[in-house]
Amino acid sequence: MVRTRTITLRASEVPDNGAAVVKIDDDLTISVYRVAEAYYAINDRCPHKSVSLAKGSFVDAVVTCPAHGFTVDVRTGRSPRNPLMRVTTFPVVRTGDELSITLPDEPRGGAGNPERQGSA
């Protein structure tokens, strides 16, 4: 069984047409997006250049890497152009203005791997 940890932030901290960025540790930063009334959390690193995806444009649930145009649908973590390319997604539960995001407590993957996740 995979151990998990939960982080919280306020839904009101997630801007329209942008992301709330949360640094978990040296190995993991996540970005949280709102699409309609739903919230989505992804690994903020582009799998190609390791650039912050949150610094890119966000339109119709798709964030575009500012370095080279890689696109990610934040609802699935997959690229609309190449579904084999993806970033890690994390479950988000909203209770009132509180968002609870569940993260694995153990690292997975390696350097340059889009599945990489840090530990506390």
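The values are calculated or read from the model by the stated rules, or taken from the named source; none is laboratory data. Fair warning: this is a prediction, and the values are worked out from it, not measured in the lab. Backbone-built Cβ (ideal geometry, glycine too); neighbour counts: all protein chains shown.
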For Val63, indicate whether it is among the aliphatic types (A, V, I, L, M), in contact with a helix residue (DSSP H, G or I) (Cβ under 6 Å, 6 or more places away or on another chain) and either crowded, with 20+ Cβ neighbours inside 10 Å or at pLDDT 95 or above (or both). yes
Restrict the check to the stretch 32-45 and report whether at least one residue is touching a helix residue (DSSP H, G or I) at 6+ places or on another chain (Cβ under 6 Å) and not in a loop (DSSP other than H, G, I, E, B). no
Considering only residues that are out of contact with any Phe, Trp or Tyr (no Cβ under 7 Å at 6 or more places or on another chain), surrounded by 17 or more Cβ atoms within 10 Å (Cβ to Cβ), modelled with pLDDT of 95 or more and not polar (S, T, N, Q), which ones fall in the stretch 17-38? Ala20, Val22, Arg34
Exactly one of Gly77, Gly56 is touching a strand residue (DSSP E or B) at 6+ places or on another chain (Cβ under 7 Å), crowded, with 16+ Cβ neighbours inside 10 Å and on the phi > 0 side of the Ramachandran plot, and that one is Gly77
Kindly provide the set of residues from the stretch 1-22 that are assigned to a strand (DSSP E or B) and either within 11 Å of the chain's Cα centre (by Cα) or of a type in the set (A, V, I, L, M) (or both), ordered by number. Ile7, Leu9, Ala19, Ala20, Val21, Val22
In a loop (DSSP other than H, G, I, E, B) and closer than 25 Å to Thr8 by Cα: does that describe Ser100? no
Are any residues in the stretch 16-37 over 19 Å from Cys65 (Cβ atoms) and either without any contact (Cβ under 8 Å) to a residue 12 or more places away in the chain or polar (S, T, N, Q) (or both), and if so, which ones? Ala36, Glu37
